[in-house]
Amino acid sequence: MDTHATNLPDSAEADAHAPGEVEHAHPTWSTYWKVALILTLITVAEVWLYYIPSFVAGRGFIPTLLVLSALKFTIVVMFYMHLKYDHRLFRVLFTGPLMIASLTLLALMFLFGHLYIKIM
Amino acid sequence: MATTAISTPAYRGEYSGEQSGLWSWLSTVDHKRIGILYLYTALFFFMFGGVEALILRAQLGAPNQHLVSAEFYNQLFTMHGTTMIFLAIMPLSAAFFNFLIPLQIGARDVAFPRLNAFSYWVYLFGGIFITVPILFAVAPNGGWFGYAPLTTKPYSPGINIDFWVIGLQILGVSSLAAAFNFLTTIINLRAPGMTLMRMPMFTWMAFVVQFLLVLAFPVITIALVFLLFDRFFGTNFYNTVSAGADPLLWQHLFWIFGHPEVYILVLPAFGLVSEVLPTYSRKPLFGYPVMVYSGILIAALGFGVWAHHMFAVGMGPIADTFFGLTTMLIAIPTGVKIFNWIATMAQGAIRYTTSMLFGIGLVGLFTIGGISGIMHSSPPADLQQTDTYFIVAHFHYVLFGGSIMGIFAGIYHYFPKIQGRLMDEKLGKIHFWLTFIAMNLTFFPMHFSGMLGMPRRIYTYDAGQGWDLYNAMSTAGAMIFPIAMLIFIYNFFKSRKSGEIAGSNPWGAGTLEWSIPSPPPDYNFAKIPTVTSRYPLWEGKEVDHESARINSQEGKTAAELGIVMPYNTIKPLLVALGLIIMFCGLMTTPILIAAGAALLVFSLYSWLLSPLEPEHH
Amino acid sequence: MTAPAARIHVAHTSAPAPHHYTTLGLDSRKVAIWAFIGSECMLFVSLISTYLIYKGRSVVGPFPHETWTDPTTGHVLKPILNIPVTSASTFVLLMSSLFMVLALAAVQNKEKPKHSRGDRILGNSKLWLWMTAIAGTTFLGFQAFEFTSFVHEGLTIRTNLFGSSFFTLTGFHGAHVTAGVLWLVTLLAIDYRRGLGSRDSLLVDIAALYWHFVDVIWIVIFTLVYLIK
Ligand code: HEM
Ligand SMILES: [Cu+2]
């Protein structure tokens, strides 16, 4: 019991250092600015659509906006929050709650009559 | 609270000047000490809530009584429910989370020891905050689910509801902080070889509960923020009269939290009996993987059944069908658990210790509550039962018969680990049988009074409706509880002082926490063990003998072993204090808000910028 | 969840202090922040649901997208939302996320040699932390402007269901941004006092995760509250 390392099994020591080695997937500046550009373009598109009255009146308006927003959401989470490159535990910790949250939102929309299923 | 007297030599703070005494408890960051603080505090609140219940039952013992006023009766049942749920059962579970999780997974402490202390202090202060008003008859009076708009200013103008809204908000902070802590601990501090599918079932259920807490509490937080804003700043969230607010908004938000909450209350007890039954049957838990998956399934489905509490409001056929179905479905994994416990006991070498009796008690009594639950999962049946004593019978069978029985099983089982001495079995068995009889005598007749139409939450009733006998029985049963509790308390304190010395594994249990001395040294494991099976102490040949030998040695200090321990610190308590002062300011003067915020920010920065433990070379 | 260490992809996780064994080789603080973010999903979903539930249910104006004429006074109240201003603030917040990843990259690569002027700019953690904090503050400035102009146009948190749910939702988001700015300023203070190096990556990483999450929430709010009529 002289050093602290004896409290750890050897493999654990090695594990603790492992993360540094797998840095090849690391995104860089060129990824980052491209992501920013894409996000900006989507935002411009969203606002643009908002100002086209005929499109706003059509049936495609809300779904299109939702898809664009979800796209931005995913891009930020995957690249800026680097979920794409990180430990899959984090993916579970995020997507699990996100799914429960989204389903709750959907259920509430049904319950309060903002969404409905047409029977017949 | 008798917290200062319970230091045992084993919990020595190595790096703090103080070894025992009040200061060492105020500044502790040791998960075992914090667990003990939770245990004592929650037992106190459990008895406080019990006294409230006794007054309720005394009032209902016979028709047309006027022991308490209708108004005070409202305060009593509101505070009884709130106390039992938020101040007794949840913190009793937290006591076990604290004490057991690190021991069961082979860790030296939780992931964030100071945050852990913070959770406790917030709980204590929040508990005091919400409990004191009843001593002055200004306690919350809107029921434990505080339905708005009833609880908004126009209908509840007094300060009663303010205590409830703010008190629950405070307690939510405590629960959430603790949940992040335990979640991280279980994910990240498991000893080598302790894979998820080797985790003791208590830790598994605790793991599931932390997810429920993390996902359910934000919803009640927001529902309460709305109510707080409505009451303090005149917003319109629940203003149905002039602003067109929807009277169902609160109910939905509350029950989105509320149903997961009932699993938060019962799953830890399920976990405890899943340790108790195998130990006293000398058999591994039957169907371990199925127990894990059913726990996860219960939790997941638990987010999709909330509106079964709202069948009576008229949600329409689609919603009724959906929530009726999901509710029936959730009974399946629950039933699976019951069958697995029975199969665990089947053909085992059963020892009927007190702990085992409470464990078996849970299996039987919870089943009754589960069955009445399925009865009101069908909307047409529920319309007959809702808001009657039938519901009261249901949730007491699941909460008393489930949670409380499980917690007592856990207390008798783990007392030797916590205090180093055994509890008296003879007194324990008297405690069990009295509790068992009292429980059934009190709550079984409520099925009948409920079926005969007796509504919940009435403070008195006329004779001749067929309810008199059942109420008399319930009241008689209730009066047995205090006797049982006194015996328990006597046993508890007597055994703590002079019980038989327990040794590290008095029950011959199989999980890691029994491999170390009782009470465990402050560092828990002298050597972090390597785990190779679900019951490392049972499967002889696979035992990590080297660490077993080192870990069972007593009397070595952390310093002698070269183990780095966290510093004791008072800062978490100060941050908690700042938080409470802020909330008190909300009810009194902005000066307090500023003072509380200053204390909070200052102590928080000082906490975050000071190291957890000594640098190590 | 118990993948062997060799398969773990942890590009951004700095190695935990070696004497603290963790099961997954991850730093506990990062596990906790992700759990926290999961929890925040439920918090914001409760707020957003309420906003949507009450959409179109206010009995008096002003309304978000429609004009409203007060039947008693004949006053005409214009639609309240100002899309151009909010688009600008949305853009600022998006850019703050870019600055934030650059701050993290700068801290992670602190010790790597810098060959060009571009390398040195990209490697300047103080610069990017400042930029992020300033962008966050600018966003808050936009929000303050938005709130005051709404009040001038007759919408307060007490006016109607829209006012209550709108101010509470966006106010909660603003409070999160404020906390994030304070967090960034704290990191800056540390950077000035002792310099943030690659061993501090985790400190910046968890702040960044929080920051991006707050940004992501705004992406949702911008669409659901501002753009969809
Ligand atoms: C088989 C599983 C269960 C089913 C099918 C079930 C079903 C139900 C239903 C339908 C209600 C609403 C009744 C009404 O108000 O009209 C209810 C109420 C309740 N249940 Fe359960 N339940 C189950 C398990 C549990 C558990 C495990 C607990 C707690 C440990 C619990 C605690 C409660 C409480 C506290 C209420 C009453 C809430 C109130 O009105 O104050 N239930 N249950
Ligand atoms: Cu329920």
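Residues in region B:285-302 that are within 15 Å of ligand 2 (Cβ to nearest atom) and open to solvent by 20 Å² or more (accessible area, probe 1.4 Å) were compared, and the one that is nearest to the other protein chains (Cβ to nearest Cβ) is B:Ala300. Taking region B:262-271 as the range and being within 13 Å of B:Leu215 (Cβ to Cβ) and either within 8 Å of ligand 1 (Cβ to nearest atom) or at pLDDT below 95 (or both) as the test, only B:Tyr263 passes. Filtering region B:149-183 to residues that are in a loop (DSSP other than H, G, I, E, B), within 15 Å of B:Asn74 (Cα to Cα), touching a helix residue (DSSP H, G or I) at 6+ places or on another chain (Cβ under 8 Å) and of a type outside the set (A, V, I, L, M) leaves only B:Thr151.
So that you can scan it fast, the table gives a plain yes or no per residue for (1) within 15 Å of ligand 2 (Cβ to nearest atom); (2) within 14 Å of chain A (Cβ to nearest Cβ); (3) in contact with a Phe, Trp or Tyr (Cβ under 7 Å, 6 or more places away or on another chain):
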| position | (1), (2), (3) |
| --- | --- |
| B:Val305 | yes, yes, yes |
| B:His309 | yes, yes, yes |
| B:Ile318 | no, yes, no |
| B:Thr326 | yes, yes, no |
| B:Leu329 | yes, no, no |
| B:Ile342 | no, no, no |
| B:Thr353 | no, no, yes |
| B:Ser403 | yes, no, no |
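Taken over region C:166-209, the criterion of being open to solvent by less than 20 Å² (accessible area, probe 1.4 Å), within 21 Å of C:Asp27 (Cα to Cα) and hydroxyl-bearing (Ser, Thr, Tyr) is satisfied by C:Ser201 alone. Every test in (1) within 14 Å of ligand 2 (Cβ to nearest atom); (2) buried (at least 23 other Cβ atoms within 10 Å of the Cβ) is passed by B:Ala409 save one, and that test is (1). Residues in region B:208-241 that are under 26 Å from B:Gly158 (Cβ atoms), of a type in the set (A, V, I, L, M, F, W, C) and either in a helix (DSSP H, G or I) or facing chain C (nearest Cβ under 7 Å) (or both): B:Ile220, B:Ile222, B:Ala223, B:Leu224, B:Val225, B:Phe226, B:Leu227, B:Leu228, B:Phe229, B:Phe232, B:Phe233, B:Phe237. When region B:347-370 is filtered for residues that are aliphatic (A, V, I, L, M) and at pLDDT 95 or above, the ones remaining, listed by number, are B:Ile350, B:Met356, B:Leu357, B:Ile360, B:Leu362, B:Val363, B:Leu365, B:Ile368. The helices (runs of 4 or more DSSP H) found entirely in region C:75-157 that carry 1 or more residues being under 28 Å from C:Thr223 (Cβ atoms) and open to solvent by less than 60 Å² (accessible area, probe 1.4 Å) are C:83-108, C:125-152. Of all residues in region C:220-229, those being assigned to a helix (DSSP H, G or I) and either free of Cβ contacts under 8 Å to residues at least 40 places away in the same chain or open to solvent by 10 Å² or more (accessible area, probe 1.4 Å) (or both) number 3. Within region B:228-253, residues that are on the phi > 0 side of the Ramachandran plot and assigned by TED's automatic domain parsing to the domain that holds B:Ile166 have Cβ atoms under 7 Å from residues that are open to solvent by less than 30 Å² (accessible area, probe 1.4 Å) and in a helix (DSSP H, G or I) in these pairs: B:Gly244/C:Leu161, counting only partners at least 6 apart in sequence or on another chain.
The values are calculated or read from the model by the stated rules, or taken from the named source; none is laboratory data. Remember, it's a predicted structure, so these values are computed and weren't measured experimentally. Reconstructed Cβ throughout: ideal geometry from the backbone, glycine too, with neighbour counts over all protein chains shown. Areas reflect the complete protein model, heavy atoms only, side chains present, ligands, DNA and RNA absent. Shrake-Rupley method; radii C 1.70, N 1.55, O 1.52, S 1.80 Å.
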